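Undergrad: The structure's right below; bear with me while I get my questions together.
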Amino acid sequence: PIDVATMTYYGLYALQHRGQESAGIAVADGEKIDIHKGLGLITEAFKPEDLSKLQGHIAVGHVRYSTAGGKGIENAQPIVSTSKIGSIAMAHNGNLVNDDVIRELLEDAGQIFHTSTDSEVIACLIARSAKKGLAKAVVDAMSAIRGSFALTIMSKDKLIGARDPHGIRPLSLGKIEEGYILTSESCALDAIGAELIRDIEPGEIVIIDADGIQSYRYSENTKCQTCAFEYIYFARPDSRIDGLEVHTTRVKAGEQLFKEHPLDADIVIAVPDSGIPAAIGYAKASGIPFDTGFIKNRYVGRTFISPSQEIRERAVAVKLNPLKVNLEGKRVILIDDSIV
């Protein structure tokens, strides 16, 4: 049998670039759900003994970059709720725009919230409708919430994936041996030796259980509007999202930049790492050589997803040092992925 907790751990390791504040894995064994969460990187949040305690045949994992709610352990995911059909674990990537209204309505009805995240609002909606069956409960919740969401939801015997009608956040389906995998990016499938089957479509819900996999469209009003920042920054360059290779889109962005802003210089350099493919594209289109301009400290995390401006500024100073031997006396074109 597949060790689902360890496999999820390595999958999250491949997705570490998506969030560095906390990590968690929940596992279902057909009877109950066990969970372990910790602050920091996946290697800080989990020790080998934590993984060995997570035994089961379905797992849901999450690495967190906070967009709503503080960065404390209480806001770490997956979120586990109790319901009429037993425990439900959920991991959410995205941002809701109407969670405050729903939270207020639920609180007026006596609901107690344990976190300050928009994700818990979704978990509560699902748990409240669970007596209709997990799939129906998820569809009901989807019709109430507005915003971006890619969700993985697990009961004791089912795994469900759902994507918002605009497909703002990515969600891919993979396969390994007899098992199915849902993941934010295909690079996690590569890391565990799984095969990418396809992307979950905007407005689609997939249900995976002992009988196999079923797919439904819960919304007809759909349009694929993947967040451009996935291609520019968030995703790893070796991932494929909605049929596009991330690395290729970044190189093409650099080529397009030269068409729109052609400059003459001696060298093209990048702000590593996410600026490199665009710089390669600019160099290719312009004929100006690409070379290394900065040496990066590999032990500083992703600075854009640090929680405060002060931390971001301090981290950048430690993170990058110019390679003077390549730059002195030269006309330099410096390319970054964005101005964020």
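Undergrad: Does any residue of the stretch 281-295 turn out to be of a type in the set (S, T, N, Q) and loosely packed, with under 14 Cβ neighbours inside 10 Å?
TA: No, there is no match, as no residue in the stretch 281-295 is of a type in the set (S, T, N, Q) and loosely packed, with under 14 Cβ neighbours inside 10 Å.
Undergrad: Answer with yes or no whether residue 97 is in the same structural domain as residue 214 (by TED's automatic domain parsing) and crowded, with 22+ Cβ neighbours inside 10 Å.
TA: When the stated conditions are applied, residue 97 does not pass them.
Undergrad: Sort out which residues of the stretch 305-340 are part of a loop (DSSP other than H, G, I, E, B) and either surrounded by fewer than 16 Cβ atoms within 10 Å (Cβ to Cβ) or at pLDDT 80 or above (or both), and write them in order of number.
TA: 307, 308, 323, 328, 329, 330, 331, 336, 337, 338, 339, 340
Undergrad: Another question, then. Within the stretch 77-176, which helices (runs of 4 or more DSSP H) (wholly inside it) include 1 or more residues that are among the hydroxyl-bearing types (Ser, Thr, Tyr) and closer than 22 Å to residue 229 by Cα?
TA: So the answer is 118-129.
Undergrad: Ok, one more. Among the listed residues 37, 47, 53, identify the single one that is crowded, with 19+ Cβ neighbours inside 10 Å, over 23 Å from residue 137 (Cα atoms) and outside the structural domain of residue 143 (by TED's automatic domain parsing).
TA: 37
Undergrad: Among 280, 207, 288, which is the only one that is touching a helix residue (DSSP H, G or I) at 6+ places or on another chain (Cβ under 9 Å), part of a helix (DSSP H, G or I), β-branched (Val, Ile, Thr) and touching a residue at least 12 places away in the same chain (Cβ under 8 Å)? If you could, list the steps in order and put the result at the bottom.
TA: Numbers: 207 fails: part of a helix (DSSP H, G or I); 288 fails: part of a helix (DSSP H, G or I).
Only one candidate passes the filter, namely 280.
Undergrad: Same structure again: Considering the stretch 233-269 alone, what residues qualify as being of a type in the set (A, V, I, L, M), buried (at least 20 other Cβ atoms within 10 Å of the Cβ) and in a helix (DSSP H, G or I)?
TA: 246, 251
Undergrad: Tell me which of these residue 308 doesn't satisfy, since it passes every other one: (1) within 25 Å of residue 330 (Cα to Cα); (2) without any contact (Cβ under 8 Å) to a residue 40 or more places away in the chain.
TA: (1)
Undergrad: Are any residues in the stretch 193-230 among the hydrophobic types (A, V, I, L, M, F, W, C) and over 19 Å from residue 19 (Cα atoms), and if so, which ones?
TA: Those that are among the hydrophobic types (A, V, I, L, M, F, W, C) and over 19 Å from residue 19 (Cα atoms): 194, 196, 197, 200, 205, 206, 207, 208, 210, 213, 224.
Undergrad: Now a separate question. Among the residues of the stretch 106-149, write down those that are more than 19 Å from the chain's Cα centre (by Cα) and of a type in the set (D, E, K, R).
TA: Across the stretch 106-149, the qualifying residues are 107, 108, 128, 131, 132, 136, 140.
Undergrad: If you don't mind, another one. Any residue that is more than 23 Å from the chain's Cα centre (by Cα) and among the hydroxyl-bearing types (Ser, Thr, Tyr) - is there at least one of those in the stretch 165-174?
TA: no
Undergrad: Also, I was wondering about something else. What do you reckon, is residue 219 without any contact (Cβ under 8 Å) to a residue 40 or more places away in the chain, more than 25 Å from residue 276 (Cα to Cα) and surrounded by fewer than 21 Cβ atoms within 10 Å (Cβ to Cβ)?
TA: Judged against the criteria, residue 219 is not a match.
Undergrad: Here's another thing I want to ask about it. Report yes if some residue within the stretch 179-201 is more than 27 Å from residue 1 (Cβ to Cβ) and either modelled with pLDDT of 95 or more or not in a strand (DSSP E or B) (or both); otherwise report no. Can you show your working first?
TA: Step one: of the stretch 179-201, the residues more than 27 Å from residue 1 (Cβ to Cβ) are 199, 201.
Imposing the further condition that a residue be either modelled with pLDDT of 95 or more or not in a strand (DSSP E or B) (or both) reduces the set to 199, 201.
The answer is yes; a qualifying residue exists.
Undergrad: Also, I was wondering about something else. Return the only residue of 56, 86, 61 being within 27 Å of residue 135 (Cβ to Cβ), touching a Leu at 6+ places or on another chain (Cβ under 7 Å) and of a type outside the set (Asp, Glu). Write out each step before concluding.
TA: Values: 56 fails: touching a Leu at 6+ places or on another chain (Cβ under 7 Å); 86 fails: touching a Leu at 6+ places or on another chain (Cβ under 7 Å).
None of the other options fit; the residue is 61.
The values are calculated or read from the model by the stated rules, or taken from the named source; none is laboratory data. The shown structure was predicted, so the numbers you read here are calculated from the model rather than taken from an experiment. In this analysis, Cβ positions are derived from the backbone assuming ideal geometry, glycine residues included, and neighbour counts consider all displayed protein chains.
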